[in-house]
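Below: the structure, in structure tokens.
FYI, it's all coordinate maths here, none of it is from the lab. Keep in mind it's a predicted model, so treat the numbers as computed, not measured. We place every Cβ from the backbone using ideal geometry, glycine too, and count neighbours over all the protein chains shown.
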Amino acid sequence: MSDENLDEQKSTGVPAPEGPSGLIDTDYVIGQDNIAGNRFGLEVDLHGKVFTFSGLIILAFVIITLALQNEVGPLFESTRVWLTQNLDWFFLGGANIFVLVALGLIFTPLANVRLGGANAKPDFSYAGWFAMLFAAGMGIGLMYFGVSEPLSHFGSSMGGTSMEGGARTDWAPLGAAAGDQDAAISLGMAATIFHWGLHPWGIYAVVALSLALFSFNKGLPLTMRSVFYPILGERVWGWPGHVIDVIAVFATLFGLATSLGLGAQQATVGLGYLFGIPSGDTTMVLLIIGITIIALGSVTLGVDKGVQRLSQLNMGLAGLLLLFVIVAGPTLLIATGFFEYLLSYAKNVIPLSNPIGREDTNFSQGWTSFYWAWWISWSPFVGMFIARVSRGRTVREFLIAVLLIPTLISVLWMTALGGTAIDQVVNKGLESVSGASGDVQLFEMLSNLPLGMITSTLAIFLVIVFFVTSSDSGSLVIDAITAGGKVDSPKPQRMFWAIIEGAIAIALLLGGGLSALQAMALSAGFPLTLVLLVACYSIIKGLMSEPRAA
Amino acid sequence: MFKKILVPVDLAHIEAIQRALSTSADLARHYEAEVCYMAVTTSTPGTVARTPEEYEQKLEAFASGQEAVHGQKTSSRCINSPDPTADLDGLILKSIEAVGADLVVMATHLPRHLDAVMPSHGDRIASHTDVSVFLVRPA
């Protein structure tokens with residue numbers, strides 16, 4: 001926005017956010033399209049169109065998936081496969097742009113802008129803020145992939161390459177490292193860190209920064225459509241905006257519900273492995289109900305007392321587990337490995353992220369492209385949640401905390417867990433870890449260390465609480481989008497979404513179709529990549545129109 | 001008997017708290033008490049205001065408007081919260097102490113079954129403070 005508009009704002013008596021900032025001049029009143037009042041004895045305040053269409057589409061997809069499983073399952077799955085295989089260049093190229101924009105901004109004067117105006121004070125402490133953004137971002141995945149992914153890439157790299165009909169049939173990253181153990185470990189760790197490092201956090205940073213900027217500094221509602229204001233102008237309040245918001249709700253709800261269902265399956269495998277609890281439907285359903293009840297408690301207590309405290313508890317426990325693995329595992333190997341793998345990541349990140357002319361298509365399409373679609377489909381949820389808790393931070397502070405620090409933590413986590421597992425396989429001859437299924441590899445690795453039972457119990461507890469922190473922050477995000485960007489909507493609404501997530505997970509778990517619907521949620525990564533590209537443009541344009549701090 | 005009355009208000013729903021406002025005005029006149037109007041606003045843009053500062057300004061204007069109605073001294077207290085839906089009760093309780101109020105007048109809804117699991121704000125305030133609380137129900 002130009003200075004002229006800023007003056008206009010001042011003259012109409014609308015005070016800027018704390019200190020100078022460039023409010024956008026719009027006549028739109030947040031909540032003007034909402035249906036508010038008392039329905040069925042409950043207070044409601046919802047965006048009529050976004051809530052209705054999201055609800056109808058979600059209901060339709062659940063019913064179709066349950067009723068016509070054999071027909072739609074392959075269709076959803078092949079849509080996902082087609083997108084990640086044929087548009088791999090689009091996902092890989094897009095993610096590179098997001099990282100470059102986020103990383104590049106740190107070094108420009110634009111990063112001096114403060115979210116919420118030049119004098120805004122942060123709503124949360126560093127510890128609370130960071131715990132929330134990390135727990136929402138990738139907590140749960142780190143538990144599952146911390147051991148299995150490094151092992152998998154190490155194994156395929158050791159195996160070398162194989163060709164059939166002119167195409168690579170192996171799953172190794174880049175040119176593999178046939179028979180060279182050290183090189184295979186280094187490449188395997190670099191490939192893992194690549195999937196959990198700058199790229200996912202760059203994706204989150206772009207969404208979160210654009211939303212925070214357009215909400216706190218520009219005065220637009222905290223919902224995905226606001227990011228399109230620089231391109232669509234007042235049209236974002238109409239159908240183009242509704243569609244963007246509905247896609248965000250779709251990806252978030254199905255992403256959460258399906259990973260809750262699939263996660264419950266994995267957690268019961270872990271529970272069965274550890275305590276011999278039968279891993280039938282009953283255990284899984286009880287687990288989902290339990291997680292949903294705790295999530296309900298957390299959303300009722302709110303961001304500060306619910307989500308923040310749970311995230312901090314989780315980060316504390318995860319830190320404890322990490323510290324234990326470092327001390328009880330091959331400490332020296334982890335310490336040197338941290339720098340070695342970081343260096344290997346730095347060396348390999350450019351070839352690994354190259355979007356065109358790749359020979360390792362199984363790896364780049366089956367792993368990288370899949371991951372990028374996954375992170376992008378989660379980005380409205382994670383990004384919006386990060387945005388909501390980031391008021392009062394400068395853009396530079398924000399990008400360092402959302403991009404660089406989490407990347408370093410991912411490197412440490414992967415080095416400690418993956419490095420210990422690889423050490424057990426190559427140096428100690430403990431084949432049990434590499435032979436186990438992905439669901440229990442973490443527990444196998446822990447059982448080879450002292451106090452295995454205690455640490456495995458801690459790990460499974462962490463898995464469950466990480467699910468709660470995803471479920472509660474996800475419900476808050478969906479509620480805000482379907483309430484037209486209002487974050488002070490009545491409590492029953494956020495509870496409604498937490499319950500719906502659990503209900504969909506249970507319905508699909510019992511009726512089948514979890515993977516099919518997850519494929520559909522992943523497919524939403526395609527339109528969302530376009531949304532993110534627009535977000536990059538909007539961030540730069542938005543930051544340039546902010547008054548410069550002296 | 002009462003020196004300072006705290007009146008929690010929601011500028012987006014002034015019509016719904018009209019009875020509580022008249023009650024507090026009458027009590028203020030009767031006891032010649034000061035009235036502090038408090039509100040909790042979101043950090044994100046909302047219906048009433050697009051920035052917390054704009055909300056604060058509107059609340060100040062509202063308080064001065066009420067002063068003209070009942071003729072007693074008024075003040076305003078605007079608190080910024082990332083999640084007002086959840087934090088409201090705690091922030092009202094803190095404000096009672098912070099401003100030194102000895103009476104709270106606030107609007108509430110009719111009793112309902114749901115209160116057992118989700119008590120109303122008035123319900124929570126009344127059971128968590130030592131000062132007197134006057135809950136005003138709709139007519």
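Using only Cα atoms, figure out Rg for segment B:4-136 and give it as a multiple of 2.2 N^0.38 Å.
This ratio for segment B:4-136 stands at 1.00.
How many Cβ atoms of partner chains, on average, are near each residue of B:36-45 if near means within 10 Å of its Cβ? Before the final figure, lay out the partial values.
Details: counts 0, 0, 0, 0, 1, 1, 6, 14, 19, 16.
Across the residues of B:36-45, the mean count of other-chain Cβ atoms within 10 Å is 6.
How big is chain A by the Kirkwood estimate over distinct Cα pairs, in Å?
Averaging 1/r across every pair of different Cα atoms and inverting gives 23.9 Å.
On average, how many beta carbons from a partner chain sit within 10 Å of the beta carbon of a residue in B:65-72? Don't jump to the answer; show the numbers that get you there.
Numbers: counts 0, 0, 0, 0, 0, 0, 0, 0.
Neighbouring Cβ atoms belonging to other protein chains average 0 per residue here.
When the label point is put 7 Å from the Cα of B:Glu15 along its Cα-to-beta-carbon vector, which residues of segment B:110-139 have a backbone N closer than 19 Å?
Counting only backbone N, you get B:110, B:137-139.
Once R0 is set to 60 Å, what does the formula 1/(1 + (r/R0)^6) return for the Cβ-Cβ distance between A:Ile454 and A:Leu232, expressed as a FRET efficiency to the nearest 0.05?
Numbers: r = 55 Å, r/R0 = 0.91.
That pair, A:Ile454 with A:Leu232, gives E of 0.65.
Name the residues whose placed amide hydrogens come within less than 5 Å of the amide hydrogen of A:Glu359, ignoring near sequence neighbours (fewer than 5 apart) on the same chain.
Excluding prolines and chain starts, which carry no amide H, there are no hits.
Based solely on its DSSP helices, what 222 nm [θ] is calculated for the protein assembly as shown when runs of n ≥ 4 H residues each add -39,500 (n - 2.57) and the sum is averaged over all residues, nearest 500 deg cm²/dmol? List each step's numbers first, then the result.
Working: 25 runs with 434 residues, N = 689.
It lands at -21000 deg cm²/dmol.
Each residue of segment A:146-157 in turn: what ³J(HN,Hα) in whole Hz from Karplus with 6.51, -1.76, 1.60 and θ = phi - 60°, glycine and Pro shown as x?
Taking θ as phi minus 60°, the curve returns x, 9, 6, 6, x, 4, 5, 5, 4, x, 5, 5 Hz for segment A:146-157.
Give me the angle, in degrees from 0 to 90, between the Cα long axis of helix A:331-353 and the longest principal axis of the Cα atoms of chain A, rounded to the nearest 10.
The angle comes out at about 60 degrees.
Can you tell me the orientation of helix A:88-106 relative to chain A, as the angle in degrees between its alpha-carbon axis and the longest Cα principal axis, to the nearest 10?
Between helix and principal axis, roughly 70 degrees.
Over segment A:152-292, what is the relative contact order in whole percent, taking alpha-carbon pairs under 8 Å and six or more residues apart? Spell out each step's value before the answer.
Details: 122 pairs, mean separation 16.4, N = 141.
So the answer I get is 12 percent.
What distance in nm separates the simple spin-label points at A:Trp239 and A:Val327, each placed 7 Å from Cα in the Cβ direction?
6.2 nm
Amide H to amide H, which residues 5 or more places from B:Cys36 or on other chains are under 5 Å from it, using H placed in the peptide plane?
For B:Cys36, the qualifying residues are B:Ile5, B:Leu6, B:Val7, B:Ser75.
Per residue of A:482-492, what is the mean number of Cβ atoms on other protein chains within 10 angstrom of that residue's Cβ?
On the way: counts 0, 0, 1, 4, 7, 10, 15, 1, 2, 3, 2.
Other-chain Cβ atoms within 10 Å of each residue's Cβ, averaged: 4.
Given labels modelled 7 Å from the Cα in the Cβ direction, how far is it in nm from A:Lys491 to A:Leu313?
Placing both labels 7 Å beyond Cα along the Cβ direction yields 1.8 nm.
Report relative contact order for chain A in percent, whole number only (criteria: Cα-Cα under 8 Å, sequence separation at least 6). Show your work: numbers first, answer last.
Working: 889 pairs, mean separation 182.8, N = 550.
Once normalised by length, the contact order is 33 percent.
³J(HN,Hα) across segment A:185-194 via Karplus (A = 6.51, B = -1.76, C = 1.60, θ = phi - 60°), whole Hz, x for Gly/Pro?
Whole-Hz 3J(HN,Hα) from phi for segment A:185-194: 5, 4, 5, x, 5, 4, 5, 5, 4, 4.
On a 0 to 90 degree scale, rounded to 10, what angle separates helix A:198-212 from the longest Cα axis of chain A?
Orientation of helix A:198-212: about 10 degrees from the principal axis.
For segment A:261-359, compute Rh as the Kirkwood radius over C-alpha pairs and then the Stokes-Einstein diffusion coefficient at 25 °C and 0.890 mPa s; write the answer in µm²/s, rounded to an integer.
On the way: Rh = 17.7 Å.
Translational D for this selection: 139 µm²/s.
Choose one answer from B:Val35, B:Val104, B:Val69: the residue with the largest mean-square fluctuation in a GNM of chain B with alpha-carbon springs under 10 Å.
Highest fluctuation among the options: B:Val69.
Output the relative contact order of segment B:4-136, whole-number percent, from Cα pairs under 8 angstrom with separation of 6+ residues. Please report the intermediate quantities before stating the final value.
Values: 211 pairs, mean separation 39.4, N = 133.
Relative contact order for segment B:4-136 comes out at 30 percent.
On a full-extension model of 0.36 nm per residue, what is the gain between A:Val534 and A:Ile63, subtracting their alpha-carbon distance, rounded to one decimal in nm?
Details: separation 471, 0.36 × 471 = 169.56 nm, distance 3.31 nm.
That pair, A:Val534 and A:Ile63, stretches by 166.2 nm at full extension.
Using a Förster distance of 56 angstrom, determine the FRET efficiency expected from the C-beta separation of A:Ile289 and B:Arg29, and round it to 0.05.
Numbers: r = 54 Å, r/R0 = 0.97.
It comes to 0.55.
Assuming R0 = 35 Å, what is the FRET efficiency of B:Leu93 and A:Thr108, from their Cβ-Cβ distance, to the nearest 0.05? Could you put the intermediate results ahead of the total?
On the way: r = 45 Å, r/R0 = 1.27.
That pair, B:Leu93 with A:Thr108, gives E of 0.20.
Using modelled amide H (1.01 Å from N, peptide plane; none on Pro or chain starts), what sits under 5 Å from the amide H of A:Gly513, excluding residues fewer than 5 places away?
none
Between their Cα atoms, which of A:Lys486/B:Lys58; A:Lys218/B:Lys94; B:Lys4/B:Lys58; A:Lys49/A:Lys121; A:Lys491/B:Lys4 are more than 24 Å away from each other?
Values: A:Lys486/B:Lys58 19 Å; A:Lys218/B:Lys94 31 Å; B:Lys4/B:Lys58 21 Å; A:Lys49/A:Lys121 35 Å; A:Lys491/B:Lys4 31 Å.
With Cα atoms farther than 24 Å apart: A:Lys218/B:Lys94; A:Lys49/A:Lys121; A:Lys491/B:Lys4.
Can you run phi through the Karplus equation (6.51, -1.76, 1.60; θ = phi - 60°) for segment A:476-491 and list ³J(HN,Hα) in whole Hz, with x for Gly and Pro?
For segment A:476-491, the Karplus curve yields 5, 5, 4, 4, 5, 5, 6, 9, x, x, 7, 9, 10, 6, x, 4 Hz.
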